[in-house]
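Only the coordinates and a few stated rules stand behind these numbers; no lab work does. Bear in mind that the values here come from a model prediction, so they are computed numbers and not experimental data. As a convention, Cβ positions derive from the backbone with ideal geometry for all residues, glycine included, and neighbour counts pool all protein chains shown.
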Amino acid sequence: MYGDKLHLARVSVQHKDIYRIITECGEVQARVSGKLGYSASVSADYPVAGDWVLADRVDDGGGDAIIHHILTRKSCFERKAAGTGYDRQAVAANIDTVFICMSLNNNFNLRRVERYLSIAWDSMAVPVIVLTKSDLCDNVAAKLPEIYSVAAGVDVVVTSSLNEDGYTTIKKYLNKGKTIAFIGSSGVGKSTMINRLMGEEVLATREIRDDDRGRHATTHRQLLVLPGGGVVIDTPGMRELQIAGADLSRSFADIEELAEKCRFRDCRHESEPGCAVRQAVVNGTLAAERLENYKKLQREMVFEERKSKMTPAQAEKLKVIDMMGSLDACKKVQNASRKNKGKRY
Ligand SMILES: Nc1nc2c(ncn2[C@@H]2O[C@H](COP(=O)(O)OP(=O)(O)OP(=O)(O)O)[C@@H](O)[C@H]2O)c(=O)[nH]1
Ligand SMILES: [Mg+2]
């Protein structure tokens with residue numbers, strides 16, 4: 001009990017504006033207080049699975065519990081919400097480890113791993129790469145060096161739901177008091193793995209489509225307490241993972257180290273003379289695609305940062321331009337509406 005009448009609880013499920021929270025007396029349905037909702041400026045200001053919150057009740061006698069405060073997050077995996085404006089969306093909070101899940105068949109993509117890692121390092125949780133469906137891949141040994149080349153210092157676990165592959169290693173991360181978030185594209189087997197750890201089919205999983213991209217089986221984020229200790233958070237597959245914040249110094253440490261040897265401190269690794277980064281590409285010690293992805297993520301970060309610093313009026317203007325396609329088209333519409341002012345239709 002906190003203050004006069006507030007209780008500590010943890011958010012287990014989030015369905016738009018309805019939540020489930022785990023209190024000392026069990027799980028109850030909850031909503032945010034008007035004040036919390038009013039002061040939220042981006043989606044990330046609302047509670048998310050894994051959040052510790054203060055709520056007004058521990059049972060649902062008398063209606064939904066009201067969440068009054070979100071306690072400071074020790075870590076949070078965030079992405080840019082879908083759409084054009086600037087909106088940070090929290091995926092999971094207070095996590096110790098992020099399992100970046102990727103299947104060893106058609107979902108395997110090094111550029112995707114680099115993107116997930118950059119965001120994971122920024123979340124303050126430790127990333128682990130979980131490669132699933134090893135039974136559907138006949139050259140796992142060839143794929144591993146590729147992964148290591150983009151994930152220096154990150155643990156990599158290979159799993160298959162058809163056998164025991166990797167599960168002993170996975171269980172090592174599931175200690176009491178620790179929280180793991182499962183993140184990755186749809187259909188890679190996140191819920192399948194969690195069901196296996198739970199020892200029963202608590203989460204829905206779905207057959208994958210022929211093109212192997214998978215339909216979304218999981219539709220909301222959900223926190224589960226494992227029978228053997230430890231907490232896991234299942235998340236719906238992500239179609240695209242746009243950056244809200246990223247730590248490229250961790251995920252691209254090799255490039256940043258090379259950049260220190262460039263002749264110019266502000267080298268953009270484009271056409272400047274004495275560029276150690278491009279030289280590494282020429283020498284074959286750095287993949288050109290990795291450098292391109294680094295630059296792409298850097299551009300996205302700069303763009304997102306610029307948007308986050310805009311006044312509401314500037315952000316609104318950018319939204320209109322996004323909608324119209326260009327400033328020119330925007331002006332044409334404005335002029336036309338000025339000309340037609342006062343006309344009746
Ligand atoms: N062959 C094989 N199939 C697997 C493996 N893991 C999962 N699957 C299958 O892949 C399909 C998708 O699995 P899910 O666990 O629903 O995938 P998910 O990542 O939770 O997907 P979303 O909830 O849509 O994000 C199911 O049909 C699983 O049976 C594996 O290791 N090997
Ligand atoms: Mg799922």
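Pull up the cross-link candidates among the aspartates and glutamates for residue 332, meaning alpha carbon to alpha carbon under 20 Å and not fewer than 8 places away within one chain.
316, 322
Among the GluC sites (Glu not before Pro) within the stretch 114-184, which fall in a DSSP loop and have no more than 16 other Cβ atoms within 10 Å of their own Cβ? All intermediate terms of the calculation are to be shown ahead of the outcome.
Details: sites: 114, 146, 164; in loops: 164.
Taking the stretch 114-184 and a limit of 16 other Cβ atoms within 10 Å, the loop GluC sites (Glu not before Pro) found are 164.
Sort the following peptides by mean Cβ neighbour count (other Cβ atoms within 10 Å, averaged over residues), highest first: 88-95, 238-245.
Taking the mean over residues of other Cβ atoms within 10 Å, the ranking is 88-95, 238-245.
Say we join alpha carbon atoms closer than 10 Å with springs in a Gaussian network model of the chain; which of 126, 202, 188 then has the biggest fluctuation?
202
Which shape class, rounded, prolate or oblate, goes with the chain when its Cα gyration tensor gives a ≥ b ≥ c as root eigenvalues, a/c under 1.5 marks rounded, and past that a/b bigger than b/c marks prolate?
oblate
In cubic angstrom, how much convex hull volume per residue do the alpha carbon atoms of the stretch 77-234 span?
Enclosed volume per residue, from the Cα hull, is 121 Å³.
So how much slack lies between residue 247 and residue 196, counting 0.36 nm per residue of separation and subtracting their Cα-Cα distance, in nm?
The span from residue 247 to residue 196 would gain 15.1 nm if fully extended.
If a/c stays under 1.5 just call it rounded; otherwise compare a/b with b/c (prolate if a/b is bigger, oblate if not). Do that for the stretch 1-47, with a ≥ b ≥ c from the square roots of the Cα gyration tensor eigenvalues.
On the way: a/c = 2.46, a/b = 1.33, b/c = 1.85.
Taking the square roots of the gyration eigenvalues as a ≥ b ≥ c, the stretch 1-47 is oblate.
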